[in-house]
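Encoded as structure tokens, the structure appears first; notes follow it.
The values are calculated or read from the model by the stated rules, or taken from the named source; none is laboratory data. The structure displayed is predicted, hence computed values, not measured ones. Methodologically, a virtual Cβ is constructed for each residue, glycine included, from the backbone with ideal geometry; neighbour enumeration extends over all protein chains shown. Ligands, DNA and RNA are stripped out before the accessible areas are found, and what is left, the full protein with its side chains, is counted by its heavy atoms. Shrake-Rupley method; radii C 1.70, N 1.55, O 1.52, S 1.80 Å.
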Amino acid sequence: MITVNDKKHINIIDTTLRNGEQTAGVVFSKHEKLRIAKMLDEIGIPEIEIGTPSICEAERETIREIVNLKLSSRLFAYCEAEPQNIQLASECGIKNVVINISTSDLHIKRKYKKNRTWVIRKLRESIRAAQQKNINFIVSAEDATRTDLEFLLKVMHIAKNKGAYRFRICDTVSRYDPFRTFLNISTILSAVNFPLEVYNHNDFGMSTANAMAAVRGGASSLVVTVNGIGEGTGNVALEEIVMALKYIENIELGINTSRFRELSEYVARSSARAIPVWKAIVGTNVFAHESGIHADGVLKNPKNYEVFEPGEVGLTRQLVVGKHSGSHTILHKFKEFGIDLTDKDANEILSIARSMAVDLKRTLFDKELIYIYRDYKEKKIKKEEKAEA
Amino acid sequence: MRDIELLTEFSKKAGTRLEPENIKIDDTTLRDGEQTAGVVFANEEKIQIAKMLDKIGVHQIEAGIPTMGGDEKEAIKQIALLDLNCSVLGWNRAVKSDVDASLECGVDAVAISISSSDIHIEHKLMKSREWVLESVKNTVDYAKGFNLYVSVNAEDASRSDMEFLLQFARTAKEAGADRLRYCDTLGILDPFETFLRVKTVVDIVGIEIEMHTHNDFGMAIANAIAGIKAGATYVNTTVNGLGERAGNAAFEELFMALKYIEGVDLGFNTKLFRELSEYVAAASGRIIPTWKPVVGANLFVYESESRASAVLDCPEAYELFKPGDVGLKREVIIGKYSGVVAITSKLNSLGYKITKKEAEELVKIVRNKSISIKRALYDGEIIDTYKSYKSGLKKENSKIKSGEKS
């Protein structure tokens, strides 16, 4: 196994309430935002981005109420680099902000319709506003992966000199694969020694891998959302990166993972974005085994097909009977029902169950298995009676 | 060597350019995709999916498991008779009777699958390493006797002892296998480890490698790409990433990642991606999440002012490829995060001209409305909001006027 030698602490900052809500069409109610903030705090997430003060008074009201919860998590508000946005954050009782500004020429010219000097000025003005209000800050470079390195380092220097917590690198359009991410992060760190945070999107399905590559390259903080919700394809999923760090990288963050499924369900309901059954880590199908090979393997020893116990993320293991099932599953299932089958009976019931699953185009409910068993028994008794007669 | 230096060296090596002729896609939607707990395709659906994959340009289709018999076998036979451009492969355990069943289906290629990890050999197969190697040798020998293209699948390769995996690969090669499928059965690799392990097999044994990755930790695509960078030439994918547990490497994501991140275009007809994904979603009863990479319905739907205002003028600000490339459409919707530019553009497109001042007022109204209804607004609602705002203005004006009179 390749591991990074100096295992420093990795910080997690969750932005479900900010970029998660920024998903087109998603709106959390105040009640939901408070609940999500509490849950994140309870499971041990060190930092939370709770909202964007400049949106409207209702949003500021929610931010104030979350601040008043006096959570252990450090709370951040999100501000596009503009002194007035910092002022609004301050009015909510916020003590920490993320100051965001695009640094790529493409964004500067086509989105802001300005130049690099303007970017530097806006950033400096916003930092000054924060310092006047005694607000601590992270500097976030949007579209950093398409930014000229020299300019990016210049912006990073400002963050460092002005006393930011750290510098955020946003891979806004998912420009990089894990190898490029690693090289990018290690290159930046060798040029400027300052804590780096990465913010990844999932446009090509690589956000979790990129986050981990960034950690290997020396990044010390990761931006995540529950279920990976967020604009476009979404962000790094909290539950995926925490488990990946633990089981692939051997970094234990001390987060209470057994509440992951509960948290995911809550966010899924309040965002009206259902958790796909196959969602990595928290999908209900992750510990459902149907095929003969897999189910048989799991029955013999869960380690054959599972890396961690389902209870660790609040799920349960299920054996599902369907087209791909084998006789071991049937034997095991009926044992659960309190019925000991012979191998011969199990094989015959299996073939009935398989063809039924093909006809119905789905797996069978436990009840249906019992019906199959009853019909099978009845037929068998009749046959025996006939034979006797 | 320090690990960080090793990783740097890997990453630099992994940066070398890939050639499209060296990469082939072997899609297993019909085999591993259907093996998803709860998913069953009807035979006509299987045939339709095979035809669509072939039309799009996939190189090989893993059509199913012939030895299961019945409908499954029938579907594979029919797919083999379709006379597709792509190769049709049947999945087998390392037993001769499975290969016989494949032969009866008329496929041109077989996968011969057997575990190579000690944990599987001891706890699942309950056999020995020698028995595994013997089974590989005998089954490959047998299949090659019928002139089939043979892939040997090293199941649970990621947890296999490297020395034994090399021996396994060598045995397969010497018996005449055309390639080795590297199965990250539990999805436990990360891209760097994948690179290291695959490169070791490629360099030492020199056999073609196929990547079969799972998404248990969300790394299926990254690991497949890492495998290719290490010298693998095939990737086993499924449409929508369907597959056991968290699923496999998604066909559409892998293709687009190769094209837009790695700069290697396999030349498939991507315009059919959304259609194919919809078909597989319907047939499998597993809907496409709106945020699904590459084919999710919401990928090109913008609400926040930061993104919406930028893409209206310059889509490249937030898009690496065009929505039409994958059969989707771009749209700006109006909700809690909307701003002046998006609202102005939206109302213009609905036939209403508004001033900057009106837009600023409307932003406030729309944001509050979106919060109270907990969603974005429909076009009709936006028009209503605008109209009631305008009539409110009129009333206010007339009030002021009448007030002046009295």
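Taking one quarter of the surface of the convex hull spanned by the alpha-carbon atoms of the stretch B:200-308 gives a direction-averaged projected area of 8.5 nm².
Panel note: contact residues of the stretch B:83-126 (accessible area lowered by at least 20 Å² against the chain on its own; 1.4 Å probe) correspond to B:W91, B:I119, B:H120, B:H123, B:K124, B:M126.
Calculate the translational D of the stretch B:6-86 in whole µm² s⁻¹ from Stokes-Einstein, where the hydrodynamic radius comes from the Kirkwood formula applied to all Cα pairs, the temperature is 4 °C and the viscosity 1.567 mPa s.
Translational D for this selection: 89 µm²/s.
For the pair the stretch A:39-71 and the stretch A:308-341, the centres of their Cα atoms are 42 angstrom apart. Please work out whether the stretch A:254-299 counts as rounded, prolate or oblate from its C-alpha gyration tensor, where a ≥ b ≥ c are the square roots of the eigenvalues and a/c under 1.5 means rounded, while otherwise a/b larger than b/c means prolate and anything else oblate? Judged from the Cα gyration tensor, the stretch A:254-299 comes out oblate (a/c at least 1.5, b/c at or above a/b).
Across peptide A:277-290, the mean count of Cβ atoms from other chains lying within 10 Å of each residue's own Cβ comes to 6.
For the stretch A:1-108, what class follows from the C-alpha gyration tensor (a ≥ b ≥ c being the square roots of its eigenvalues): rounded when a/c is under 1.5, otherwise prolate if a/b is larger than b/c, else oblate? Taking the square roots of the gyration eigenvalues as a ≥ b ≥ c, the stretch A:1-108 is oblate. Measure out, as a whole number of angstrom, how far apart the alpha-carbon centroids of the stretch B:125-165 and the stretch B:37-89 sit. Between the Cα centres of the stretch B:125-165 and the stretch B:37-89 lies a distance of 24 Å. At the residue level, B:E396 shows approximately 110 square angstrom of accessible surface with a 1.4 angstrom probe and all protein chains present.
The relative contact order of chain B, computed from alpha carbon pairs under 8 Å that lie at least 6 residues apart in sequence, is 13 percent.
Based on alpha-carbon atoms only, what is the radius of gyration of the stretch A:170-231 relative to the globular estimate 2.2 N^0.38 Å? Kindly include the intermediate steps, with their values, before the conclusion.
Numbers: Rg = 11.0 Å, N = 62, 2.2 N^0.38 = 10.6 Å.
Ratio of Cα Rg to 2.2 N^0.38 Å: 1.04.
With kT/(6 pi eta Rh) evaluated at 37 °C and eta = 0.692 mPa s, and Rh the Kirkwood radius from Cα pairs, chain A diffuses with a coefficient of 140 µm²/s according to Stokes-Einstein.
In this rough spin-label picture, where each label sits 7 Å from Cα along the Cβ direction, the B:S97-A:E385 distance is 3.5 nm.
Cα convex hull of the stretch B:129-263: how many Å³ per residue?
Here the figure is 107 Å³ per residue.
For the protein assembly as shown, place one equal point scatterer on every Cα, skip the solvent, and apply the Debye formula. What is log10 of I(q)/I(0) at q = 0.11 Å⁻¹? Calculated log10 I(q)/I(0) at the listed q: -1.21. Each label was represented as a point 7 Å from its Cα along the Cα-to-Cβ direction; for B:L81 and A:L360 these points are 3.0 nm apart. Within a straight-line Cα-Cα reach of under 18 Å, A:K367 can be paired with the following lysines, leaving aside sequence neighbours fewer than 8 residues apart in one chain: A:K323, A:K333, A:K335, A:K377.
In this view, the solvent-accessible surface of B:I287, computed with a 1.4 Å probe and all protein chains in place, comes to about 130 Å².
Which pairs, out of A:K95/A:K122; B:K77/B:K292; B:K55/B:K96; A:K111/B:K356, put more than 26 Å between their alpha-carbon atoms?
Beyond 26 Å between Cα atoms: B:K77/B:K292; B:K55/B:K96.
Where the alpha-carbon atoms of the stretch B:344-402 are placed on the principal axes, they occupy 39, 25, 18 Å, in descending order. Protection proxy ranking of B:237-247, B:91-101, A:339-349, by the mean of other Cβ atoms within 10 Å over each peptide's residues and highest first, is B:237-247, B:91-101, A:339-349. Length, then width, then depth: along the principal axes, the Cα atoms of the stretch B:201-245 run 32, 16, 14 Å.
Taking the centroid of alpha carbons for each part, the stretch B:359-383 and the stretch A:111-175 are 31 Å apart. Taken over chain B, the percentage of Cα pairs per 10 Å bin, counting from 0 up to the bin with the maximum distance, is 5, 20, 25, 19, 12, 9, 6, 3, 1, 1, 0.
Please give the net charge around B:K46, taking every other residue with its beta carbon less than 13 angstrom from that of B:K46, where Lys and Arg add +1 and Asp and Glu add -1.
Spelling it out: positives minus negatives among the neighbours equals -3.
Look at the stretch B:60-68: the mean tally of other chain Cβ atoms within 10 Å of its residues' Cβ atoms is 1. Fully extending the segment from B:S372 to B:E74, taken as 0.36 nm per residue of separation minus the present Cα-Cα distance, adds 101.8 nm. The C-alpha atoms of chain B define a longest principal axis, and helix B:251-260 lies at about 80 degrees to it.
Rg and Dmax of the stretch B:95-157, both derived from C-alpha coordinates alone, stand at 12.2, 35 Å.
Built from the Cα atoms of the stretch A:281-389, the convex hull projects on average onto 7.6 nm², one quarter of its surface area. Apply the Debye scattering formula to the stretch A:170-290, with a single equal point scatterer on each alpha-carbon and no solvent, then give log10 I(q)/I(0) at q = 0.19 Å⁻¹. Log10 of I(q)/I(0), two decimals: -1.04. Excluding ligands, DNA and RNA, the accessible surface per residue across the stretch A:233-389 is 46 Å² with a 1.4 Å probe. At q = 0.13, 0.17 Å⁻¹ the log10 of I(q)/I(0) for the stretch A:211-352 amounts to -0.69, -0.96, computed by Debye summation with a single uniform scatterer per C-alpha, solvent ignored.
Within the accessible area of the stretch B:69-166, the carbon and sulfur atoms contribute 47%, probe 1.4 Å, all protein chains present. Distance between the pseudo-spin-label points of B:N397 and B:E21 (7 Å out from Cα toward the beta carbon): 7.2 nm.
How large, in Å, is the stretch B:120-188 by the Kirkwood hydrodynamic radius built from its alpha-carbon pairs?
Value: 12.3 Å, from the Cα pair sum.
Shown for the stretch A:78-207 is the translational diffusion coefficient from the Stokes-Einstein equation, using the Kirkwood radius over Cα pairs, a temperature of 20 °C and a viscosity of 1.002 mPa s: 144 µm²/s. Distant-in-sequence amide contacts of B:E34, defined by a placed amide H-H separation under 5 Å and a gap of 5 or more residues or a different chain, comprise nothing.
Per residue and in cubic angstrom, what volume does the convex hull of the Cα atoms of the stretch B:258-373 have?
Dividing the Cα hull volume of the stretch B:258-373 by its residue count gives 132 Å³.
The DSSP beta bridges internal to the protein assembly as shown are antiparallel in roughly 5% of cases. For B:R307, A:R374, B:R17, the ranking by accessible surface with the largest value first comes to B:R17, A:R374, B:R307, using a 1.4 Å probe.
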